[in-house]
1. Restricting attention to region A:661-681, does a residue exist that is among the polar types (S, T, N, Q), modelled with pLDDT of 85 or more and part of a loop (DSSP other than H, G, I, E, B)?
2. Answer yes if at least one residue in region A:30-37 is farther than 30 Å from B:Leu254 by Cα, at pLDDT below 90 and within 14 Å of chain B (Cβ to nearest Cβ), and no otherwise.
3. Could you run through region A:156-173 and say how many residues are touching a Lys or Arg at 6+ places or on another chain (Cβ under 8 Å) and closer than 18 Å to A:Ala116 by Cβ?
4. Say whether the condition of being touching a Leu at 6+ places or on another chain (Cβ under 9 Å), hydroxyl-bearing (Ser, Thr, Tyr) and modelled with pLDDT under 85 is met by at least one residue in region A:38-48.
5. If I filter region A:202-217 for residues that are under 30 Å from A:Ser344 (Cβ atoms), under 29 Å from the mean Cα position of the chain (by Cα), surrounded by 15 or more Cβ atoms within 10 Å (Cβ to Cβ) and β-branched (Val, Ile, Thr), do I get at least one hit?
6. Among (1) over 27 Å from A:Arg214 (Cα atoms); (2) in contact (Cβ under 8 Å) with a residue 60 or more places away in the chain; (3) surrounded by 19 or more Cβ atoms within 10 Å (Cβ to Cβ), there is one condition A:Val105 misses while meeting the rest; what is its number?
7. In region A:668-682, what residues are facing another protein chain (nearest Cβ under 10 Å) and under 20 Å from B:Asp261 (Cβ atoms)?
8. Just to verify a result, which residue in region B:222-231, among those that are outside any loop (DSSP other than H, G, I, E, B) and within 14 Å of chain A (Cβ to nearest Cβ), is surrounded by the fewest Cβ atoms within 10 Å (Cβ to Cβ)?
Amino acid sequence: MSLLAPLALVGLAAIPVIVALYMLRMRRPERTVSSTWLWTELVRDVEANAPWQRLRRSLLLLLQLLCALLLVAVLVRPVLERPATLAHDLVLVVDASASMSATDVPLDRLDAARRAAIQVLDGLPAGGRVSIIEAGDTARVVANEVTDPARAARAIDSIRASTGTGDMAEALRLADALAARATGSEVIVVTDGAGIAPTDVRVRVPVRVVPVGRERHNQAIAALAVDIDPGGLRRQAFVSIANQSDVVVTRRLQLLADGVPFTARDLRLPVMSRTDVVIDEVPRGARILEARLSRADATAAGETADVPDHLALDDAAWAVVPEDRTRQILVIGPAGVFLRTALSLLPDVELYGVSAAEWTAGTARDGDWDLVVLDGVIADPLPATPILAIAPPTDSALGDVLGALTAPTIGEPATDEPLLRDVDLTRLHVARAQRIELPSWARVVLPGPTDVPLIYSGVRDGLPTTVLAFALEQSDLPLQVAWPILAANITGELLGRDPSASQPVRPGAVVQLPVPPDASGLRITLPDGTVREVEPGVAGDGLATFVETRQLGVYRVEPIPKPGVDGPDARPSDPGASSPTPASASPGPAATTPAAVDLRASGTRWFAVDLFEPTEAAITPSDGSALVALGTPAPEAPATAGVARDEWWPLLLLVLLGVLTVEWLVYERDGARRIRDRLRALVPGRATGASGPSGTAGSGGRSGTR
Amino acid sequence: MSLAPGSPDPAEARTTTAPEVGAQAAQDALAGRSASGAIDPVVFDEAFLRQLERLHLVLRRSVRGGLVGTRRSVQHGQSVEFTDYRDYVPGDDLRALDWNVVARLERLFVKLFVEEQDVTIHVLIDASASMDSGSPDKLWFARRAAAAIATVGLASYDRVSVGVLAGRSARRLPPMRGSARVMHLLRELSRVGPRDGATDLVAACRAYAAQITQRGPLVLISDLLDAQAERAIGELAATRCEVSVLHVLSPDELEPPLEGDLRLVDRETGQRVDVTVDLATLDAYRARLAGWQAMLGDACTKRRAAYVPVSSALPVADLMFAELRRRNVVGA
């Protein structure tokens, strides 16, 4: 045991002062009584002229001396030293992924992880530094080289569970960078080890894992989608339920349309498998579909009763029902059979056609077209609608034609290109294509040779536009299975009927929201009712970036009309809402490909954020050996890190408070007794101490005084 | 001092204290009116005096009296109550012969009758400085009680002797007899005041006892705040009077309104003591007070004296018609 602040021993000088105060004779007010004879055995002192009196035994004196001693003991900060079990520089990674919300340990895994992390800090040597990283959907440093254990504990307590996949790889990279600043560092990861451990990370210091979590019982809604058949007559909801438990369980699936339950069914979920359910009776007119998973009333024979579902985050999911408005598509040009067939197969589409000359003459120019397809022509003027241009012959705002390509090679498209979802173009052959320079507003969908795009797409002056550099007849694309899918993807994106419109947004993902031309921004209502306003970015692409998608649920998006524009949704901005968030040109490191959201129309739209993460649904805890393998093996004879100190002053402070309380009670015991007596006096028949007229009443009592 | 003891406020009574209280004051007192003119609502009005006249001090055994009165004496006399016969001896009054017996037995017998005499009622007031304290004032209460007891005695044709104990002596007022002396008695009692300095209760009681020539009821009205109070009672009991002790304590002494660190000053001796008064101390005080009263009660019982502890806040009517009757000091 040693003292961190021995100078505080000066406080012991207070002890003789306290004793001296007790020996000093106090100045007492005089009261004349008929006789002091009855008081003679009760007096403390007889009158004397000396200013000092003999020290008597007093409980208050003892308590106050004890208080002074304890106060000095607290101030000198006694510590007990022991060998440290951690390195001098420590990086602590706390897993905050969605699986850490599992409640198989009280209160949940994250709470257990916080407690374990704080406990780990006990092994930190004196003066040791700790950096703490929260491994949520993004890696975040919550404390950097903190030497104060209390401050580190507060930082650990500030960690909150995310609703998405934990980015453990990024957290370990960050930990590796932090640990590299000092020699002899180590990384400790507090995690449940659920999910797939990253493999592409190397940590240059030893990694230790503190596991949390016990059980694997979890049932999750792994997918929820709503689709409308091409005829528009039937709406189907597709729900996939995953049972991550090692026992067969029965769960009740309940579906709600716009918050109103319309069907429920009990599902028997096999061990470690997914069960798909297709529900046809989705009500017409429903906009939001919600699926809930709950415990069934009864279990089937052979099942284990009362199997818990430890993770509640994935027991609910939402989907936005696609809008079924009929779209009008105008084809300018010859409109070959392949194009007509592909477009006519699209649901809720009415197809029209004119020649370029008719368009120039003004025919059909006043139509309310949702999409104009330029098949080998350039319309003059260009329609102010979304445009699909196929083999544009001349320069235009759609792109400058530099020449022609003969049998161009097909480049490798981006894997996450939404227009090429479920489209295989590896066997595409193009005989002839236009060499078009990629406009600034477009992105390459299908690259050709030497940076020349064969398909590109983007938002031109607020209008979605896609260009195919080759005519369909000059390729074998129409003969492939990919063609109708590609046509559906392209028209879906241009019409706002992209299949991804009903696809959920991943928690924490960046969402690009198209802002209608007559709107100054978007007002977004989060699932918890919070309202945010965003404005389009400065890039002029008519898109606003929204990043606050950490809450699971349905987000409501409304356009904010420009000043002076009257619209059905025109209304003043909510004064209680936060200030408009400027569109971020750089969404940050987590900005992957923005999710597309059906917002092209001017009305209110929704999008859903769901936890459809198999890695988070699988909450089976592991010992973290995979994470340990990512680090450098620890040396067999580690250098002595130092000593850890256990400070005793918190315990002593508690004792001091207790003694102070006792001292106060002793000092104020008369007050407490008076209150008790008055309360008893309020109760009829419980009055005490009343003396009759003859005044002979009296009671025995303590002879102590303060 | 007006002897309008029913006044609930001793301070008000003190304001009317005067060295000489005239007959008018006494008349006012009898009429239940104080010197200040305020109506005294409770005692010593006409109705209360009539009630007092129905009381008498209980005498448990016959004593030799002085003048003819209403009390049975140990002597034979002229009353109508027959007691015995005895042989005639020359010189006896021939009117006392029982002629029926003479005719029947042919012997001379004289009839003897009970003699009825008065007794002397001794009322002792402790006028020490300690009695001049409390609220209501203990001495003020003692004078009221003494006036009421003396009035009962005078109405019973007994001789009333009032003694004032102060210092080491006892000042005995001239004995009075007959209802006509009530005014004089009240006037004398109005002059009784506290005496400064210490009082030796034993010596004062011994001094009064030496002056007793005729035995009878003796009522001591005192706070007995003396370490030798038991001996003082013994001195009075040794006179073979029927002693009653009215132990008067003020409400302030029964439930001291004290709290905190105090220096208590003895009103009689000036002695100062430091005391810390809290509930525990008050509990100890009450216990000591109760034990002391119990000890005094036992001492009185041993000496066949009546012990009546009272508070100075007790109305005189309650004292006379409740406390003293309950303890058989007075009867109706």
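The values are calculated or read from the model by the stated rules, or taken from the named source; none is laboratory data. Quick caveat, the model's predicted, so the values are computed rather than measured. Ideal geometry is used to build each Cβ from the backbone, glycine not excepted, and the neighbour counts take in all protein chains shown.
1. So far as region A:661-681 goes, no, none of its residues is among the polar types (S, T, N, Q), modelled with pLDDT of 85 or more and part of a loop (DSSP other than H, G, I, E, B).
2. So far as region A:30-37 goes, no, none of its residues is farther than 30 Å from B:Leu254 by Cα, at pLDDT below 90 and within 14 Å of chain B (Cβ to nearest Cβ).
3. 3
4. No, there is no match, as no residue in region A:38-48 is touching a Leu at 6+ places or on another chain (Cβ under 9 Å), hydroxyl-bearing (Ser, Thr, Tyr) and modelled with pLDDT under 85.
5. No: region A:202-217 contains no residue that is under 30 Å from A:Ser344 (Cβ atoms), under 29 Å from the mean Cα position of the chain (by Cα), surrounded by 15 or more Cβ atoms within 10 Å (Cβ to Cβ) and β-branched (Val, Ile, Thr).
6. A:Val105 satisfies every listed condition except (1).
7. A:Arg669, A:Asp670, A:Gly671, A:Ala672, A:Arg673, A:Arg674
8. Taking the candidates together, the pick is B:Glu230.
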